[in-house]
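None of the figures in this text is laboratory data; all of them are computed from the coordinates on show. Quick caveat, the model's predicted, so the values are computed rather than measured. As a convention, Cβ positions derive from the backbone with ideal geometry for all residues, glycine included, and neighbour counts pool all protein chains shown.
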């Protein structure tokens, strides 16, 4: 029997949208706060972090370990019409990562002037 390759866990998240911004809410339990990193790669928001592993008794042998095994990468696709350099985030007191993605405002109609050579 071949050993199946373990996939990194994905964390559920919520996305909300208004005409001005996109808000992403992601609960992060037992996270090492200093390990949270946000990057943009190919119009995608890449969030990485590590989880805090609780200490267990020395005489315990792990039978199954999934909660703390990997650094977690969460990838969220973003639309191209956002201000990537103005994305900001905070970790709330209940360990929810809140990410604010400001939208680039695209006007419905733009009047352009035509220049004439004289």
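The table for this structure:
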read-out	value
Total residues in the stretch 26-47, condition within 14 Å of residue 97 (Cβ to Cβ) and part of a loop (DSSP other than H, G, I, E, B)	5
Enumerated strands (runs of 3 or more DSSP E) restricted to the stretch 48-118, each holding at least 3 residues that are surrounded by 12 or more Cβ atoms within 10 Å (Cβ to Cβ)	72-77, 96-102
Residues within the stretch 28-59 that are touching a helix residue (DSSP H, G or I) at 6+ places or on another chain (Cβ under 8 Å) and touching a residue at least 60 places away in the same chain (Cβ under 8 Å), tallied	0
All positions within the stretch 9-25 that are within 13 Å of residue 100 (Cβ to Cβ) and part of a strand (DSSP E or B)	15, 16, 17, 21, 22, 23, 24, 25
